[in-house]
Each structure stands twice: as C-alpha cells, then as structure tokens.
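Contents: one structure, followed by commentary.
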Amino acid sequence: MIINHPLLGPRDASEFVVKGAASLIDRPDWQAENATDAFHDYMYLRDNPAGEHAELWYHEQGDRSWLVVTRNTLTHEVTKVEMARDVARARGRSK
Amino acid sequence: MTNYSGLKVLWQGLTGNKGWKPVWREPEPKAEYDVIIVGGGGHGLATAYYLAKEFGVTNVAVIEKGWIGSGNIGRNTTIVRSNYLLKGNEPFYEQSMKLWEGLEQDFNYNAMISQRGILNLYHSDAQRDAFARRGNAMHLAGAGAELLDQDKVRKMAPFLDYDNARFPIKGALLQKRGGTVRHDAVAWGYARGADMRGVDIIQNCEVTGFQMDGGACVGVQTSKGNIRAKKVAVCVAGSSGRVMEKAGMRLPIESHVLQAFVSEGLKPTIPGVITFGAGHFYVSQSDKGGLVFGGDLDGYNTYAQRGNLPVVEDVCEGGMAIMPMIGRSRLLRMWGGVMDMSMDGSPYIDKTDIDGLYFNGGWCYGGFKATPASGFCYAHLLATDRPHENATEFRLDRFKRGAMIDEKGVGAQPNLH
Ligand SMILES: Cc1cc2nc3c(=O)[nH]c(=O)nc-3n(C[C@H](O)[C@H](O)[C@H](O)COP(=O)(O)OP(=O)(O)OC[C@H]3O[C@@H](n4cnc5c(N)ncnc54)[C@H](O)[C@@H]3O)c2cc1C
C-alpha cells in the first residue's frame, strides 16, 4: 500500500504504524455523568466495518506526523489521506 | 454410517476404493431447530459435534456461507499447544490439548495429530526467567513443560544460529505434547461426527440477518430463507464484526490479516515446531515436506484474505535470523486469513445481552489449537446456559470489570497481541 502523505507525497505503508480507528480522536469527556461507560466504549468497542474505514496512521519512520487514512478494508484502496491535526481541529479539538 | 478401521482401508484398497460414501449429507434447511450455529469453521462444527454427542442436543443446524473448511480452519499453520500463562486461559487450553489427544479415537477420523513438541526459543536472561514462570504455570495446569539450556536445544535442532551476534539462542521452553494437527481433517472429522448424530450441515447458505421478536433472537435470515431457532450461536471468526453488526452489536474485536507461507518440499529437517523469541517467526515441517511458517499480522484492519509484501519480508528476515539454512529453500505459496483480534488477545464464549443470541469469537491467530475445547465449552453454554468451568473468564463484559486476560500485557491494541 502507498500512503499519499499530505506533506511528503507518496510513501510506502511500511514506514507507518497503524493505531486503529480514527474514532480514537473523539476522546469522551472525563467529567461527564456517563464517563465510565463512554470510556469503555471508546477504548474497547469497534465498528470494524467491511468497506470504508477511517484510521490513524503514524509516520514513525518519516516525519512522525499522525495521519487519518481512509481506506477500504475489502480492497485496501486508500481514498483519502489527511493530517490528523486538521481532522481533530475540524471536530472542535484544540490540537 | 459404519466406522472407519484399518481393516476397512485394506478391504477398500483391494476392491478399487469403490465403496467409500460421502461422509455428510447435504440437507435442505428445516423450518426450525433447537440450535442454529452460524459458521461452519472448526469451532462451529466442534460445537455441533459436542452438542449432539455430549449434551444430547441433536436438532441442530450448522449454517455456512461457503463450504466447510473454507475459513481459517483450512488456512492456519496447524500448531497446537497449551503453553499459556494466565489462569483465565491455561486450564482451557490444557482441556483442549487433552481433547486433541483423544480426538481421533473419539470421532473415529484420522486427524494426523502429531505431538512432536514445540520449542519456544529464548535469547536473554530476562526471557529465560519469563519462560521459567510460564513453564511453572503450565505445570500447575498439568500441561507439563521443560526449560532447556542451549546444549539440549542444540541436540534437538543443530541447524539454528546459536551464536547470532544480535539474538544468540540461549535455550528454550519445550512442551513435548505440543505439535501439529491436519487442519481440514479436523473440520471433516467433526462434520462427519455431527452429521452422524443428526446435525444438518447446510453449506453455501449465508446468514444475512437475525429474526427478532420482542427484543429476543428467534432465528436467522439466510440466502435460503428464514430459519427459526430457540438459540442462535454465532461462531464466524474473522467475520464476527460483520455478522454481529446485524444484531446491532459493536464488539471488542478488530479484523486483521495474518499471512502464512509454505516452502517447496524438503527432506525431514525440522523435528517439531520452533518459535523465535526475539522477533516473530514460527516454523514446522508438514508431512509433505514443506516448511510451514509465519510471523506477525500485517497490522491494519482488513477483511481481505491477502496481505502485503512488507510482512513477507519481515517474516523471511525472522526465519533467516534463527535458521539461515531456510534461505536455500524456495517459497512455494503464501496466503492470508482474516483474524478476529480481540482487545486483550483472549477469546469470548458468552451469551449476549440479546436473549437467544450467543457469541463465540475473538480467537486471534491462536484459535486452531482451541477448536476442541471451544466447541465443548460453547456446547456446554448452549445446552445448560452456564459457562463451562474452564471458560468462565471469556466474557464480553470483562473490560468493564477490569478483568482482561492480556497474556502479552500490551493493552487494548489488537494489532499487537
Ligand atoms: C495464516 C493463519 C495461521 C494460523 N495459525 C494458527 C496456528 O498455528 N495455531 C492456532 O491455534 N491457530 C492458528 N490460526 C488461527 C485459527 O485458524 C483460527 O483462530 C480458527 O480457525 C478460527 O475458528 P474457526 O475454525 O471456527 O474459523 P473459520 O474456519 O474461519 O470459520 C468461520 C466460518 O464462518 C463462516 N461465515 C462467516 N460469515 C458467515 C455468515 N454470514 N453466514 C454463514 N457463515 C458465515 C465462514 O465462511 C467460515 O467458514 C491461524 C490463522 C491463520 C489465518
């Protein structure tokens, strides 16, 4: 697989490590009433879809940036690559 | 159906092998069963077999979307062992090992069970101590283990690279009772045994949804129509996420691909199973002579039964690091299978929150060895609605309770287990 890094251009997938679903960006509010349940679901449950999947990739052997890679889990086709920072900010996170 | 015996093989051999009959029927589904098992892999078929044989529940169907043996049961590297550490796991895997030891007599089928030993190499003092601890845990469960120093390992496997500058081989943990089993014979043996006792094995029939009534599961929707059941037992390994999604459930599971490799056929070289302790590589030799080996997962979520080249390179490097002679043989074939990786590396055998719906999965890349005990314990749960005493920890809610069974201690990161 080739990951089209937004800053560095096409890079081989072996330069990256995969963290998992991009939903890990959406950390629950630790002060909420239901924080215990919300953290359980956040940590341990997965959608695990067959098809399009947004996931966190870390460019460990490169510029060490975190990317959100949208990839098809049936074909391995990569359809979108974004900086995780931009995705997180667009979802209202400060960094 | 009559039993197999040496005499029968001889007689058939002398009469042109014309008397062999198919060993299971190809029935049309009935309108209703007591238990429907979704997935005709090793675990589903073993569950049906033990339900019928040990628990007297025979009004059972196994529903398989392809043909039986087309999933991971026919794709794995066939290693069986009971060398676990944690108490949630070890008695269960030892139960499985005991069932393997009696299996061929029990189901009257040649599964080519070969207990030729498994050597887990260690490369440092710290690793030796960890293996000593694991060996003690194995003794406590009655599994048996031996800690070998380098000399003893040399006698068993003289071809390893003992003095490798980076990963010298200092010794190994040996489980003599470990070994390999002919994987698809396991599926066929259980299928035959279940069919003989009245279980319907329905192939080429995909479960596409669940029939619900008042919040309870009362049957399945399939490509051959609706079938009702008092209990629906899902057992679909790598497809767990896709199937349970149809019941609205999210699981503590990610699907990943594991690749396996076979070399050209060689004369007997490797005595048993050998695993590399410093990287991830394991190897055994099949009866046909091919070296069967594998290593790490590819690491990304996937439902495609194929992997990518970086892992091929990584696995072969692992092989070269412990046994450079492997570099002289050529790779014949490679393939991948979709693994149901759980959040702590351990499986689930449990009732779900939906009445009538049961779940078995999360076997990661170690579920082949578990096949007999998984079938037995799942059958126990289905027949009695109580977990078997060796499977009490395999609950879906264990993360909520802080009761993970994390052999490797790497946390909720499925691609690292
Ligand atoms: C390369 C590789 C190497 C491995 N090596 C080892 C090893 O050395 N030792 C070990 O212990 N384990 C090993 N494993 C793991 C082991 O193979 C699995 O954990 C185990 O086989 C899973 O259980 P199963 O046999 O029931 O799965 P499967 O055989 O995959 O059975 C699941 C079945 O469900 C069916 N199914 C899916 N969806 C549906 C549906 N909607 N409707 C109906 N049916 C459906 C599938 O077609 C499939 O036949 C390995 C796996 C792989 C891929």
Query raised in the report: Restricting the search to the stretch B:49-69, which residues are closer than 21 Å to B:SER223 by Cα and open to solvent by less than 30 Å² (accessible area, probe 1.4 Å)?
Result: B:VAL60, B:ALA61, B:VAL62, B:ILE63, B:GLU64, B:GLY66, B:ILE68, B:GLY69
Report task. Tell me, yes or no, whether the stretch B:78-92 has at least one residue that is within 16 Å of the ligand (Cβ to nearest atom), part of a helix (DSSP H, G or I) and in contact (Cβ under 8 Å) with a residue 40 or more places away in the chain. Result -> yes
Query raised in the report: What is the number of the single condition among (1) more than 8 Å from every other protein chain (Cβ to nearest Cβ); (2) more than 18 Å from B:GLY411 (Cβ to Cβ) that A:SER23 does not meet?
Result: (2)
Report summary line: Within the stretch B:207-243, residues basic (Lys, Arg) and either within 14 Å of chain A (Cβ to nearest Cβ) or within 9 Å of the ligand (Cβ to nearest atom) (or both) come out as B:ARG242
Report summary line: Being of a type in the set (D, E, K, R), away from the ligand (no atom under 13 Å from the Cβ) and surrounded by fewer than 19 Cβ atoms within 10 Å (Cβ to Cβ) narrows B:ASP184, B:ASP163 down to just B:ASP163
Report task. Could you figure out which of (1) open to solvent by less than 60 Å² (accessible area, probe 1.4 Å); (2) within 12 Å of another protein chain (Cβ to nearest Cβ) isn't true of A:THR36? Result -> (1)
Query raised in the report: Residue check: is A:GLU55 open to solvent by 30 Å² or more (accessible area, probe 1.4 Å), touching a strand residue (DSSP E or B) at 6+ places or on another chain (Cβ under 9 Å) and either more than 9 Å from chain B (Cβ to nearest Cβ) or in a strand (DSSP E or B) (or both)?
Result: no
Report task. Would you check which residues across the stretch B:339-356 are away from the ligand (no atom under 14 Å from the Cβ) and either more than 14 Å from chain A (Cβ to nearest Cβ) or within 20 Å of B:GLU245 (Cβ to Cβ) (or both) and list them? Result -> B:MET343, B:ASP350, B:LYS351, B:THR352, B:ASP353, B:ILE354, B:ASP355, B:GLY356
Query raised in the report: From the set of residues in the stretch B:244-271 that are within 15 Å of the ligand (Cβ to nearest atom) and out of contact with any strand residue (DSSP E or B) (no Cβ under 6 Å at 6 or more places or on another chain), which is most open to solvent (accessible area, probe 1.4 Å)?
Result: B:GLU245
Report task. Return a yes/no flag: does the stretch B:32-41 have any residue that is assigned to a helix (DSSP H, G or I), within 15 Å of the ligand (Cβ to nearest atom) and in contact (Cβ under 8 Å) with a residue 24 or more places away in the chain. Result -> no
Query - Residues being of a type in the set (A, V, I, L, M), more than 8 Å from every other protein chain (Cβ to nearest Cβ) and touching a residue at least 40 places away in the same chain (Cβ under 8 Å) - total across the stretch B:299-317 - result: 3
Query raised in the report: Just a yes or no: is a residue in the stretch B:202-225 assigned to a helix (DSSP H, G or I) and not hydroxyl-bearing (Ser, Thr, Tyr)?
Result: no
Query raised in the report: Among the residues of the stretch B:364-393 satisfying the criterion of being within 16 Å of the ligand (Cβ to nearest atom) and touching a Cys at 6+ places or on another chain (Cβ under 8 Å), which is farthest from the other protein chains (Cβ to nearest Cβ)?
Result: B:TYR378
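The values are calculated or read from the model by the stated rules, or taken from the named source; none is laboratory data. In this text the structure is predicted, and so the values were computed from the model without any measurement. Cβ atoms come from the backbone with ideal geometry, glycine included; neighbour counts cover every protein chain shown. These accessible areas exclude ligands, DNA and RNA; they are computed on the full protein's heavy atoms, side chains included. Shrake-Rupley method; radii C 1.70, N 1.55, O 1.52, S 1.80 Å.
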